[in-house]
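> Take a look at this one; I'll ask things after.
The values are calculated or read from the model by the stated rules, or taken from the named source; none is laboratory data. Just so it is clear, the model here is predicted, and its values are computed rather than measured. Note that we place each Cβ from the backbone using ideal geometry, even for glycine, and neighbour counts take in every protein chain shown.
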Amino acid sequence: MRPLTITTREAVTGPVLEINGDLDHETAPELRKAVEDLSLASGQLLVLDLGGLDFCDSSGISALLSARSLTIEYGGHIALAAVPANTTRILRIVGLDQVFAIHPNAATATARRSAAG
């Protein structure tokens, strides 16, 4: 078990949260709080970079959905980047690959968004 760390950085399109470690029942509230604490402006893109994610359980999936709901509430958009294969599989099984925009990495997510918007 690796502790969760969340690092925030800014991209042209909006904030990028780099998520490393385990996203589970114990740590899911940390992601929710990190999103709540953002100053997300209407129209901005929040990218959750999951490249360093080691483990994600149902509580972690719920936290991703909460992040999506909060982002929409703020008038923003959300994308997942660098999603590990095991988490991608879970997202596909439950149909969330149709709910989240998923990109190979954060640079691609922000580049596509800036090119489109």
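> Listed residues Pro104, Pro29; which is out of contact with any His (no Cβ under 8 Å at 6 or more places or on another chain), at pLDDT 95 or above, surrounded by fewer than 16 Cβ atoms within 10 Å (Cβ to Cβ) and over 18 Å from Thr13 (Cα atoms)?
From the options Pro104, Pro29, the qualifying one is Pro29.
> Give Ile19, Ile72 a once-over and let me know the one that is at pLDDT 95 or above, within 14 Å of the chain's Cα centre (by Cα), β-branched (Val, Ile, Thr) and buried (at least 22 other Cβ atoms within 10 Å of the Cβ).
Exactly one of Ile19, Ile72 is at pLDDT 95 or above, within 14 Å of the chain's Cα centre (by Cα), β-branched (Val, Ile, Thr) and buried (at least 22 other Cβ atoms within 10 Å of the Cβ), namely Ile19.
> Among the residues that make up the range 4-14, is at least one of them modelled with pLDDT of 95 or more, crowded, with 21+ Cβ neighbours inside 10 Å and under 10 Å from the mean Cα position of the chain (by Cα)?
no
> If Ala67 passes every condition in (1) closer than 19 Å to Arg2 by Cβ; (2) in contact (Cβ under 8 Å) with a residue 24 or more places away in the chain but one, which one does it miss?
Of (1) closer than 19 Å to Arg2 by Cβ; (2) in contact (Cβ under 8 Å) with a residue 24 or more places away in the chain, only one is false for Ala67: (1).
> Have a look at Leu80, Leu45 and point out the one that is closer than 14 Å to Ala101 by Cα, buried (at least 22 other Cβ atoms within 10 Å of the Cβ), modelled with pLDDT of 95 or more and within 10 Å of the chain's Cα centre (by Cα).
Leu80 is the lone residue from the list that is closer than 14 Å to Ala101 by Cα, buried (at least 22 other Cβ atoms within 10 Å of the Cβ), modelled with pLDDT of 95 or more and within 10 Å of the chain's Cα centre (by Cα).
> Cβ-Cβ under 6 Å, sequence separation 6+ or interchain: first residue in the range 81-95 and polar (S, T, N, Q), partner outside any loop (DSSP other than H, G, I, E, B) and surrounded by 15 or more Cβ atoms within 10 Å (Cβ to Cβ). Which pairs?
Qualifying pairs under 6 Å: Thr87/Cys56.
> State yes or no: is Ala106 in contact with an Asp or Glu (Cβ under 6 Å, 6 or more places away or on another chain) and of a type outside the set (Phe, Trp, Tyr)?
yes
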